Structure formats: C-alpha cells, structure tokens
Amino acid sequence: MTFGVVLRDITKSFGPTPVLRGVSLDIAEGEFLTLLGPSGCGKSTLLRIVAGLETQDVGTVSIGGRPVDALRPKQRDVAMVFQSYALYPHMTVGQNLALPLRMRRLSKLQRLPLLGRVLPGTRALAGTIARDVAQTAAALEIDHLLERKPGQLSGGQRQRVAVGRAMVRQPEVFLMDEPLSNLDAKLRVAMRAEIKDLHRRLGVTFVYVTHDQAEAMTLSDRVAVMLEGELLQVARPRDIYADPEDRRVAEFVGSPKINLIEGRVREAGAVDVAGTTFHLDTGLGRGKAVTLGLRPEAFGAAERAGPGVITGAVRLLEHLGSDLYAHVDVPGQQAPLIARLPAEDDAGPANGGTLHLRPRLDHVLLFAPDGRRLRPAQARRIMPLPLREPA
Amino acid sequence: MAVDFASWRRSETAPCPSGGAQARKQALAEALAAGLLAGPAVLLLLALFLLPVLAVFVIAVTDWQFGARSLSFVGLKNFAELFADPVFRRSLVNTVLYVCIVVPATVGLGLLIALLIESGPRLRAFYRAIHFLPYMATLAAMAIAWEALLHPTIGIVNQTLASLGLPTPNWLRDENTVLPVLAVIGIWQGLGFAMVLFLAGLKAIPVDLYDAAEVDGADATLDRLRVVTLPMLGPVMMFVVIVTALRAFEVFDTVKILTQGGPAKASEVLLHTLYVESFEFLRTGYGAAVTVVFLFIVVALTLLQARILDRRVHYS
Ligand SMILES: Nc1ncnc2c1ncn2[C@@H]1O[C@H](COP(=O)(O)OP(=O)(O)O)[C@@H](O)[C@H]1O
Ligand SMILES: [Mg+2]
C-alpha cells in the first residue's frame, strides 16, 4: 500500500495547553479522508501541520513516502483551501489562480513588475501559465469570472475560485479546512457533490476537515473522529456510525443523537435497564455497570410492557414527513429517549400517552463505564455488520 | 353590520381629510424638533467654520488692513500681487519641498518600524517611546529642545560630529540645511502617528492570507510584502499619506519658534507667510489671499483622497 500522508505521534501544544496528543494516521494515496470533530478539538492545527504552516512539537509527517518535516509549505506539494477562502482581494480571479504558478515557474527577476516582462523566456512561461489558468477555470466553470475581483463574487463562486487556486498547480495532496462552512445550507449540499466529483476526477489524496457529520459521512472514504486532540476512531463512514469504538464517537455521530441508557448486569445474559430486563450478554460480572447505546431507529413498537420492552410517557412527537420521532420519558433516565417510528404509526402514540418500545437487541451497542466499546463474544455474532480490525 | 365594519376598516387604513391635516401638523412638529436639536451644532459650524471661511474669501478681494475702519473692493489684485511676490513664491516652493521630504520619509519609516515591530515583540518599548514622546510634550517645548540639540557649538549634534572630525554646520542658520532640519523635526513629529496607524492596519490583515501566500509559494519577505502586506495596507496607506501631507502643509510652530522663516527666507512656509502678513504687517486682505491659496491646496488634497484614490485601494 502506498501512502499519501503518514502522520506519526504528532504532538502539539500552544503554551501550556496540549492541542494534539500523539496523533498517528495513515492516509492512502488517492484516499478521501475526513477529520471530523467538534470545534476546537485540533483539526485545523493538524491540517496546518501537514501543510507546514505549523510545526509539531513531536512526531513526523511524510507525504508520498518522503519525510517533509524540514520542508516549507511550498516544497511539500500540498494545496490548501481555507475556510475563509483567503483569496487575495486586490487581485482578479485570474491573477489569484495564476499566483501559485507564477511563484513556481517564474524566477525572482521574471516576476518583477516591468523588467520581468522583457526578460527572455518570461513571455513563453506566461503563456503556459495563462493556458493552465484557463484550463482550471474551465473545469470549474469560472472562466467567465476571470476578470472580476473576489469582492464581486458570491460565496459559492469564491469557494470555487479557492478550489481552483488549489487545483491549478496539480498538487499531490489537497488539504481543505471546512471549505463549505461559510455557505448557506442549500449551496453546501450542491458543493459537497462537486467536491466529491472533483476528488473522483483528480484522483489525488484529499484531507478534509469538518465539524459537520453529514459532510464527513457523504464525502469520505474514511472518517477520522477527533476529540480533544486525540483520534478516537478511523473507519469507513458506515462503521463510524454502526460500529463505534468509543462512546464519544457514538455520541458525536448520528442525528438525533444515540440514546445512552445506564444499566446494571443482573446475571450472565441479563441486564437491568430502565425498569425492565434485557437478555444481553455483556461479558461483565454480576452487578457491573454498563451503558447501552441505542440509535433512534433501533426501536420497534411493542403491544404491552414486559421483559425487553421499555415503557415511558411520550413527551413530544416530531413529524418529519417520512419519519416520526417520539421523545419518551423513561424511569431512571435524565434525558428522554428518542425513537424513530414509521410515520404511519401516527395513529399509535399520542402526546402524554404511554409508549412501549422494544429495542432490537442486535442493534444494541455496549459501552464500559470508561467509554470503551464492549464486544462480548455473543454480541459479536449478532452484530449486523462484519467487524473489521482498524487499519 | 358588514358595511359598518368596512367603513371602520377604511378609516383605519386611509386617513380622511381631517386626519391629513393632523399628519401635516405632526410632520411640521417633527421638522421643528429636528431643527431645534440640530440647531446648536449647525450654529457652531456656521460660527466657527463656514462664516470664517466665507469672511476669508470676502476679505481676500479687499484691501482691508487689520484695525482699519474702511476697506474697498480690489478684485483679484491681492492674488496678482501674491504670485508676483518672490517671498510668497519662495514660501510656496519651500512648503512643497518640505511636504515632499516629510511625507515619503514619514510614511516609509512609519511602515518600516511597524513591520519590524510586527515581526517581533522586542521593539515594543521603543515603539511606545517613539510614539508618545512627540505627543506628550507640547511642540513649543519640543522645538526648544531641538534648538538645544542643534546649537552650533554646545548642541549634542555638533559636539558628536566634532568629536568624529566631521563638519559642524550651523543647522538652523544655514540656508542649505535649515529646511531639511525642519523636515527631520516634522518627520519625528509624525512618525509615531503613522506607525500606530500602520500597526493597526497590519493587525487587520487576515492571517489566512499569509498562510495562503505561503502555500502558494510567496513566502520570502519581499514576496509577502508584494502579494499580501502592501496591497492590504492600501486604504491605511492612503489615509496616512493624506493626513501626513495635510499636517506637513500646515507646518508652522517649528518655523515660528526656531527660524522665523530665515535665514534669507530659506525656511519661509505658507502658514508663516500668512501669519506674518496678517498679524505682523497687518495686511489682512493680502493674508486672506494666502489663506485662500492654502485652503485650495488642502481641499484639493482631501478631494483627491475622497474621489480618486479611495476607489483604487478599496477592493470590494
Ligand atoms: N496559534 C494558536 N495559538 C494558541 N492557541 C491556538 C492557536 N491555534 C489554535 N489554538 C487553540 O488550539 C485549539 C485547537 O484549535 P483548532 O485546531 O483551530 O481547532 P478546530 O479546527 O478543531 O476547531 C483551540 O483551543 C485553539 O484555541
Ligand atoms: Mg478549525
């Protein structure tokens, strides 16, 4: 396997505050990897370390198999798209796109304002630069904007120009720091598709930073979930959702949030939870605490209370057209459970009424009190998705 | 019932004739209140600014002498005399020369120091001193301090030069050095102001732009300046240039205290000419004509900022 970007034990502090605590990550060549995490968890810092804009305290970065720790950003063959786009406001779109090429292909003398133009070779190079700019602009459908200044563009157009400026010199690695977060919701979805398409066409490594799980899930080959400077899990989007390694990953991914219910092991194969008993193998001894994670869609309706059925009072019903979310108050639970029910069940539950929910036991995720995922042998057998060892 | 309801609705939305009169009365009251509230400011503006300017224009076309009981209209005679007067011409040239030295030097040095401070915190203390000193002391006191520094025999400048075996000119009494020396004092006076504005301007440049420039390959000092810093400082630069130029055109205190325009009119400047003509020779009409020329230059500079250059340095 050839590696696009390899990070080994990256540690970084700003003053006394540790921001990255030993991050290791292998990103395959041509892969689309997303760093997903809440704001302030160190995603941008990690990306900037890859770009060379920030220096790690400890650890190494290699790109395309060569260590780049001693190299400046321009020598690393990476391009970056910034959240603010960081377009040069005094230059036209065409000049913005041309700048990385001018810096690379023209000598210091050739870049001089007047003298540069008469030096031998400048004209030919300027021609190739103009051609490459035109090609990139055409690919992104911004060729009609080349004469405009960034201030005259809409948010979506600016975003494209920023991508174009990164694309124009054909880098080995694309780094994108929340490139869509300044766009309105509708445009964001459209641009998401374009970025995915861009990745397919270019076939180079993309490292994409976002706090938006929808972006991470739809765009990525793999998602690296980051929290407080640590990578919690690196896996395919559906594994991140269905097979989280850590309670915090389960909580961060999925909307509405996963329901976490505290339980206690009654005996081998039985757990007391929310006023009822589930037949579940936890692998834990009698009396041990365990947390059950249940996605909203892991519930089915039941006729009456009984073992394996959670009973509670409906606090709120949310109709979302295709689905119906029931918020249910359950004894011994602080937060209400949120269950997704088919919209046809409309007739069934009513506000303030009683609802019986039967969790599908093969969808239950078990977590130890320290947040680790528990995988008892039996649970392993009935998991819906095959388990993969992390790469 | 329905009819009643409809008419009630109509009277709510469309005012009937008597309602119109009321609305007009209300608008009048509002206008009156607005006039009353703006009144003091308008009066002050009139009394302190517009009327004096108007008076200057009127006096400039008369032969009025300060204190005289009569005056007569002389048309543009004052201006004709003005431009034929070698002292005024010298004064105008000197002022322009002074501005041409002070503005580029103040802006250039101010920018350089601001960039140095931005690049490292070591110069902070220096920056504070250089910024506050010229403002904390009154200029008159500072002018006297400069006079002491520049004293031909016991001044520290010449003592230093002498100890190095260099020539020791009589700075303020030498036709060749007096204007440059005054310019140096002017630069010293305006440097802190320019630097503070540049520092603020530098702080306002988004860091992302420097990062982008670095990734794009513009990471050498000069490239960063060319690609990001200088263009982004455009608006601040414009402001600093205009304000420095205006202040340089207004040079007066140092000239009055240190040289009185001498030697041989080598440091005669517009405001000093104006002062001498108006308040020493009491030729108020002639002085007013000088003022008109001065106002013309100042207003032209301001318009230049507002109209032409403003458009080129703002990017959105
Ligand atoms: N240059 C810096 N100096 C000091 N602290 C910083 C700097 N850059 C980032 N931080 C801090 O590091 C933490 C992580 O920041 P960042 O990587 O930007 O997070 P994210 O991109 O995940 O929102 C934040 O607490 C932030 O305040
Ligand atoms: Mg960030």
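Annotation note: of B:Thr229, B:Thr291, B:Thr284, the sole residue that is touching a residue at least 24 places away in the same chain (Cβ under 8 Å), buried (at least 17 other Cβ atoms within 10 Å of the Cβ) and either closer than 30 Å to A:Gln170 by Cβ or within 14 Å of chain A (Cβ to nearest Cβ) (or both) is B:Thr229. Looking at the stretch A:31-77 only, could you name the residues that are without any contact (Cβ under 8 Å) to a residue 40 or more places away in the chain, away from ligand 1 (no atom under 16 Å from the Cβ) and more than 14 Å from every other protein chain (Cβ to nearest Cβ)? Across the stretch A:31-77, the qualifying residues are A:Arg66, A:Pro67, A:Asp69, A:Ala70. Take A:Asp143 and decide whether it is surrounded by 18 or more Cβ atoms within 10 Å (Cβ to Cβ) and either modelled with pLDDT of 90 or more or more than 16 Å from ligand 2 (Cβ to nearest atom) (or both). Considered against the rule, which asks whether it is surrounded by 18 or more Cβ atoms within 10 Å (Cβ to Cβ) and either modelled with pLDDT of 90 or more or more than 16 Å from ligand 2 (Cβ to nearest atom) (or both), A:Asp143 comes out as no. Taking the conditions (1) within 16 Å of ligand 2 (Cβ to nearest atom); (2) within 21 Å of the chain's Cα centre (by Cα) in turn, A:Leu53 satisfies each one other than (2). Note on the stretch A:120-158: among residues that are in a loop (DSSP other than H, G, I, E, B) and in contact with a Ser or Thr (Cβ under 7 Å, 6 or more places away or on another chain), the one that is farthest from the other protein chains (Cβ to nearest Cβ) is A:Leu146.
Among the residues making up the stretch A:80-102, a single one is within 7 Å of chain B (Cβ to nearest Cβ) and more than 21 Å from A:Asp177 (Cβ to Cβ): A:His90.
Restricting A:Gly37, A:Gly94, A:Gly15, A:Gly65 to residues that are under 23 Å from the mean Cα position of the chain (by Cα) and either buried (at least 17 other Cβ atoms within 10 Å of the Cβ) or away from ligand 2 (no atom under 16 Å from the Cβ) (or both) narrows the list to A:Gly37.
B:Glu268 fulfils the conditions (1) out of contact with any Lys or Arg (no Cβ under 9 Å at 6 or more places or on another chain); (2) modelled with pLDDT of 85 or more; (3) charged (D, E, K, R) except for a single criterion, (1).
What are the residues in the stretch B:176-220 that are more than 23 Å from the chain's Cα centre (by Cα) and away from chain A (no Cβ under 14 Å), if any? B:Asn176, B:Thr177, B:Lys203, listed by residue number.
Yes or no: A:Gly275 farther than 21 Å from A:Gly371 by Cβ and over 28 Å from the mean Cα position of the chain (by Cα)? Can you show your working first?
Working: farther than 21 Å from A:Gly371 by Cβ: yes; over 28 Å from the mean Cα position of the chain (by Cα): yes.
The answer is yes for A:Gly275.
Look at the stretch A:197-229 and say how many of its residues are farther than 24 Å from A:Gly30 by Cβ and either outside the structural domain of A:Glu141 (by TED's automatic domain parsing) or away from ligand 2 (no atom under 16 Å from the Cβ) (or both). Break it down stepwise before answering.
Keep residues of the stretch A:197-229 that are farther than 24 Å from A:Gly30 by Cβ, which gives A:211, A:227-229.
Applying the additional criterion that residues be either outside the structural domain of A:Glu141 (by TED's automatic domain parsing) or away from ligand 2 (no atom under 16 Å from the Cβ) (or both) yields none.
Number of matching residues: 0.
Has the stretch B:79-91 got at least one residue that is surrounded by 17 or more Cβ atoms within 10 Å (Cβ to Cβ), of a type in the set (Lys, Arg) and assigned by TED's automatic domain parsing to the domain that holds B:Ala289? For the stretch B:79-91, residues surrounded by 17 or more Cβ atoms within 10 Å (Cβ to Cβ), of a type in the set (Lys, Arg) and assigned by TED's automatic domain parsing to the domain that holds B:Ala289: present.
The single condition among (1) crowded, with 18+ Cβ neighbours inside 10 Å; (2) facing another protein chain (nearest Cβ under 10 Å); (3) modelled with pLDDT under 90 that A:Lys108 does not meet is (1).
The values are calculated or read from the model by the stated rules, or taken from the named source; none is laboratory data. Just so we're clear, the structure is a prediction, and the values are computed from it rather than from any experiment. Here Cβ is always computed from backbone atoms with ideal geometry, including for glycine, and neighbour counts include all displayed protein chains.
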